Amino acid sequence: MCTVIVRVPDDPRHPTRVLAVRDEDPEREWNPLGDWWPEAHPGVIGVRDVRAGGAWLAAAP
């Protein structure tokens, strides 16, 4: 399971903050940030779970 907290400020001059905790298995392998799903999800970037192919953190900036 993963827990994600996103704080989007009212003032656009301040950054959006993302806190993500991967609590199921911290040792589980993952691929670094990239465009891993171009056909299914164009424009989405994230880190990819090596075992299952999904993401524990991804976004469409």
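Using C-alpha pairs under 8 Å with a sequence gap of at least 6, the mean separation divided by the residue count of the chain gives a relative contact order of 24 percent.
The Cα-based radius of gyration and maximum Cα-Cα distance (Dmax) for the chain are 13.2, 39 Å.
Counting only trypsin sites (Lys or Arg not before Pro) that DSSP places in a loop and that have at most 11 other Cβ atoms within 10 Å, the longest clean stretch of the chain runs over 14-50. Among Leu33, Leu19, a tally of other beta-carbon atoms within 10 Å of each Cβ gives an order, fewest to most, of Leu19, Leu33.
Where a number appears in this text, it was derived from the coordinates with a stated rule and is not lab data. Note that this is a predicted model, so its numbers are computed, not measured. Here Cβ is always computed from backbone atoms with ideal geometry, including for glycine, and neighbour counts include all displayed protein chains.
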